[in-house]
Amino acid sequence: MHPVLYIDSVDQATALLKPRRIEILKRLGEPRTCPELAAEFGESAQNIYYHVKALEQAGLVEKVGERRVRGTVEGRYQARAHAYWLAPQLVGQIGGPRTTQDQTSLRYLLSLAEEVQSDVGHLAQQVEAGQSVPSLSLSANIYLPDGDRRAAFLKDVQSTFERLAREYGRPADEASAPTTAGPDFRLALACYPHQPS
């Protein structure tokens, strides 16, 4: 299995971005048959087979073996990677037209996620080299059922970020100067609709 499979094809992305298929992929870290998956999901093997074959045709799952059970042959399937990374340029091409604002917001979110992933990869190398890497991670589920509450939340977030930037940010005249007193830290915030698993 690949550690990460980079998806830059609309067909692959369209095959992947369905909740049931994502759940199937999560369970295919080890070779499984469609009847085994069907039992876990409480669905028919035929329905699971439909999703697995779509993932296989898209190159996201591969058939790794077969076994004979009561006169029939069952395929054993496994995910091709532990993780899948969606190319940012696909955001505006999947699922039909979206508003410009939504496209811009999602592209920025994907770009930010790529930057954070790249930074974390470099930090992991420092840890492996025995260096100390202080970091902080926070996560919370926010309930924003209507426009008024979203606007109030956005205002709170903006004022909090501005206060943190003023209090802890590097002065503008020092922004491009080499760091001598210690490392700079990056603070990134993302807020997006979340589907509980």
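The values are calculated or read from the model by the stated rules, or taken from the named source; none is laboratory data. What you are looking at is a predicted structure, and each value in this text was computed from that prediction instead of being measured. Cβ coordinates were reconstructed from backbone atoms using ideal geometry, including for glycine residues, and neighbour counts include every protein chain displayed.
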Of (1) under 23 Å from the mean Cα position of the chain (by Cα); (2) surrounded by fewer than 11 Cβ atoms within 10 Å (Cβ to Cβ); (3) within 20 Å of Asp184 (Cα to Cα), Leu123 fails just (2)
Being farther than 17 Å from Trp85 by Cβ and surrounded by fewer than 17 Cβ atoms within 10 Å (Cβ to Cβ) is the filter here; which residues of the stretch 5-27 pass it? Lys18, Pro19, Arg20, Glu23, Arg27
Only one residue in Ala188, Ala124, Ala165, Ala140 is at pLDDT below 85 and in a loop (DSSP other than H, G, I, E, B), so which one is that? Ala188
Selected residue [surrounded by 14 or more Cβ atoms within 10 Å (Cβ to Cβ) and acidic (Asp, Glu)] from Glu40, Glu62, Glu30, Glu66: Glu62
Looking at the structure I just gave you, is Gly75 touching a Ser or Thr at 6+ places or on another chain (Cβ under 8 Å) and modelled with pLDDT of 90 or more? yes
Every residue from the stretch 4-47 that is over 23 Å from the mean Cα position of the chain (by Cα) and β-branched (Val, Ile, Thr): Thr33
